[in-house]
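Contents: one structure, followed by commentary.
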Amino acid sequence: MIQRRLLSTINRMTEEAKRLAGYAAVDNHVKNNQALGIGSGSTIVHAVTRIAERVKQEHLNLVCVPTSFQARQLILQNGLILTDLDRHPELDVAIDGADEVDSDLNLIKGGGGCLTQEKIVAGCAKSFIVIADYRKDSKKFGEQWKKGVPIEVIPMAYVPVIRALQGQFGGMAELRMAVSKAGPVVTDNGNFLLDWKFDKVHDWKSVNTAIKMIPGVVDTGLFINMAERVYFGMEDGTVSVRDKVVH
């Protein structure tokens, strides 16, 4: 009983931290007459709620490009204007979550399976803003996120890609299996996902480039040097802001 109550308190705190981060990012970066990229995952729900509130209150003129089917549904459910990269190939701001953020603001993304579309949308934005709760903050990859780097692959290539990954970089790569259906997880693009559990610290920029060169790899969940700013919702109800250091 006590354990259940404790778990419920932790869940409430985490959800509130996500909400704080989402609201802070929207209030600081969303302005009238913008094209926005809308990310995927649980934290983004709070950001979209806040965008919808501000559109009603301030009569903002905004259009939104989704990074997934989930993001598309969120945009529509909140009465926001849905668009795409055909009509708006240049976005003002993209807001998205992350599974882990390192000290250089590099990200691991793709725990929810939407990494390729998330990376395309982030790459089209003048400003890529990340929202997360305190559990996602790490000095280096693997401290907090234990499920490895997600990699989207063409279905026919998943075995050769696993062999190449393990041969070149060590660790263990596994095909991500679905929970409520038999067989593997299938992305919005009709591809499979591998989760590569690395066993040492890498030069992530060069590893990301090398993985993308393996035939059959669509993209990786390594977002290197893309985020401009991260908002972390903290346990104590504050928001910690970290900007990219320009070398």
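Which whole-angstrom value gives the distance between the alpha carbon centres of the stretch 164-202 and the stretch 4-19?
That distance is 29 Å.
So for each of 139-148, 60-69 I average, over its residues, the number of other beta carbons within 10 Å; can you give me the resulting order with the highest mean first?
The peptides rank, most packed first, as 60-69, 139-148.
For every other residue with a beta carbon closer than 11 angstrom to the beta carbon of Ser40, add +1 if it is Lys or Arg and -1 if Asp or Glu, then tell me the sum. Could you put the intermediate results ahead of the total?
Numbers: positive: Arg72, Lys109; negative: Asp96, Glu118, Asp188.
So the environment of Ser40 carries a net charge of -1.
Which percent of the Cα-Cα distances in the stretch 127-172 go past 11 Å? All intermediate terms of the calculation are to be shown ahead of the outcome.
Details: 788 of 1035 pairs.
For the stretch 127-172, the share of Cα pairs beyond 11 Å comes to 76 percent.
Which net charge results for the neighbourhood of Val93, defined as the other residues with beta-carbon distances under 10 angstrom from its beta-carbon, given Lys and Arg at +1 and Asp and Glu at -1?
Working: positive: Lys31, Lys126; negative: Asp92, Glu228.
My count for the surroundings of Val93 gives 0.
Quick check for you: which residues of the stretch 8-25 have the amide N under 12 Å from the point 7 Å beyond the Cα of Gln57 toward its beta carbon?
So the set is 23-24.
From the P(r) of the stretch 153-197, can you give the percent of Cα pairs sitting at distances over 12 Å? Please report the intermediate quantities before stating the final value.
Details: 582 of 990 pairs.
In whole percent, the share of Cα-Cα pairs in the stretch 153-197 beyond 12 Å is 59.
Give me the net charge for the shell around Gly113: Cβ to Cβ below 15 angstrom, other residues only, Lys and Arg +1, Asp and Glu -1.
Taking every Cβ under 15 Å from that of Gly113, the sum is -2.
Provide the gained length on full extension for the span Lys31 to Thr49, in nm with one decimal, where the gain is 0.36 nm per separating residue minus the Cα-Cα distance. Intermediate results must be reported in sequence, preceding the final value.
Details: separation 18, 0.36 × 18 = 6.48 nm, distance 1.53 nm.
Taking 0.36 nm per residue and subtracting the Cα distance, the gain is 5.0 nm.
Pick out, in residue order, every one of the GluC sites (Glu not before Pro) in the stretch 1-107 that is DSSP loop and has at most 13 other C-beta atoms within 10 Å; say none if there are none. Please report the intermediate quantities before stating the final value.
On the way: sites: Glu15, Glu16, Glu53, Glu58, Glu90, Glu100; in loops: Glu90.
Passing both the DSSP loop test and the Cβ count: Glu90.
Between Gln73 and Lys205, how many nm apart are label points set 7 Å from Cα along the C-beta direction?
3.9
Hey, any idea what % of the chain's accessible area is carbon plus sulfur with a 1.4 Å probe?
Whole-percent figure for carbon plus sulfur exposure: 55.
Can you give the accessible area per residue of the chain, in Å², using a 1.4 Å probe?
Per residue, the chain has an accessible area of 50 Å².
Kindly flag which residue pairs out of Lys147/Lys205; Lys18/Lys212; Lys140/Lys197; Lys31/Lys136; Lys56/Lys119; Lys109/Lys212 have an alpha-carbon separation exceeding 24 Å in this structure.
Violating the 24 Å Cα-Cα cut-off are Lys18/Lys212; Lys31/Lys136; Lys56/Lys119.
Just to be sure I understand the model, the point goes 7 Å from the Cα along the line to the Cβ. What's the resulting Arg242 to Ile120 distance in nm?
Using points 7 Å along Cα→Cβ, the separation is 2.9 nm.
The values are calculated or read from the model by the stated rules, or taken from the named source; none is laboratory data. Keep in mind that this is a model prediction, so the values were computed, not measured. Glycine also receives a Cβ, built like all others from the backbone with ideal geometry; neighbour counts cover every protein chain displayed. SASA here: full protein model, heavy atoms, side chains in, ligands and nucleic acids out. Shrake-Rupley method; radii C 1.70, N 1.55, O 1.52, S 1.80 Å.
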